[in-house]
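The values are calculated or read from the model by the stated rules, or taken from the named source; none is laboratory data. Worth saying up front: this structure is predicted, and the values here are computed from it rather than measured. Positions of Cβ are generated from backbone atoms using ideal geometry, with glycine treated the same way; all protein chains shown enter the neighbour counts. Please note that ligands, DNA and RNA were not included when accessible areas were found on the heavy atoms of the full protein model with its side chains. Shrake-Rupley method; radii C 1.70, N 1.55, O 1.52, S 1.80 Å.
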Amino acid sequence: MSVARLWQSDPDSAVVDLSSADVERPAGQLLGEELRRHRERRGYTLAAAARAIRGSTSKMSRLERGESPAKPRDVYDLAAFYDLPRKDLAFLDQLLAQAANAEWYERFADVTPVFLKRLIRMEGRAEEITIFENQVVPGLLQTERYAEALIKMMEANPLPAAEIARVVALRMGRQLILDQELPRITVVLDETVLQRRRGCADVMREQMEHLLDAAERPKVNVRVISKDAVSPPMAITYLQFPDHVPGDLAYLENIEGATYATRQRSLDNYRKVLTDARNNAMSLEDSIEAIGHAALLWAEQASQER
């Protein structure tokens, strides 16, 4: 039995199939409920809170019901008005980031599977994301053409061009978190990912150069692990959250859905495997050199294909 199958069949692993499960409530609604809780605990009326954000009572009511997008300025003004401690303010920050992260992908509800909606929400809340991939470049670091090539490869029946474009736009939208201070992102790529063709050679050249650009971001750490080194048998995404948010999360995706691991024993296993992968990976300098070398090889092939 493979390691992946062993872990997923362990009755204590708490690996939950979310391919058809209900997703959690929208982050905007959770943010509104949190703001209402703080107001009521301090005995303020809606009118008093509304004055703090220079708005009407109806605006404040919509904000607390999650019916209107929360503006950062309003949230921070309310936090100051309620004299919230740093811990509560940090939690509001996370909900605000999650709500902003969630708004854009609701436009793609028709092409977003339930299990991916859950991941996108969690990405916006995470403090750190660690990803190991042995097949493809992770979605957070994909180019549009690389993503399009993968989508076409995975569908048994060709999708309409308009639908492919929407799925690609969804993947690009996920990369909004790269422009936020958090989460920090570590990506460990099996060396074969750099060599495995997805689309034409020019698509691969562009993707390798995009990885090099991503590696220059202070919050992104891209490492390559040699194909001869010991590495996990499956792709793993591990999300760590701030101290005030309970529970880390491990995510494993397959063609038809995804599983989430939440129990401590399972999380310890995945965290150890990812730590070992990072330790077995090349140094940052050698990783960048490996990606750069792959970019040159794909550029040479692209010139021959023209």
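Worth pointing out:
- Residues that are open to solvent by 40 Å² or more (accessible area, probe 1.4 Å), at pLDDT 90 or above and assigned to a loop (DSSP other than H, G, I, E, B) were ranked within the range 26-56; the one that is nearest to Gly66 (Cα to Cα) is Ser56.
- Set Arg223, Arg171, Arg184, Arg217: member being over 27 Å from Lys272 (Cα atoms) and either touching a strand residue (DSSP E or B) at 6+ places or on another chain (Cβ under 7 Å) or free of Cβ contacts under 8 Å to residues at least 60 places away in the same chain (or both): Arg171
- Number of positions in the range 120-137 that are modelled with pLDDT of 85 or more and either in contact with a strand residue (DSSP E or B) (Cβ under 6 Å, 6 or more places away or on another chain) or in a loop (DSSP other than H, G, I, E, B) (or both): 12
- For the residues Leu194, Leu140, Leu176, Leu182, the requirement of being at pLDDT below 95, surrounded by 15 or more Cβ atoms within 10 Å (Cβ to Cβ) and assigned to a helix (DSSP H, G or I) singles out Leu176.
- The condition of being at positive phi, in contact (Cβ under 8 Å) with a residue 40 or more places away in the chain and of a type in the set (Gly, Ala, Ser) holds for Gly199.
- Filtering Leu297, Leu274, Leu211, Leu267 for residues that are assigned to a helix (DSSP H, G or I), aliphatic (A, V, I, L, M) and farther than 27 Å from Leu182 by Cβ leaves a single hit, Leu297.
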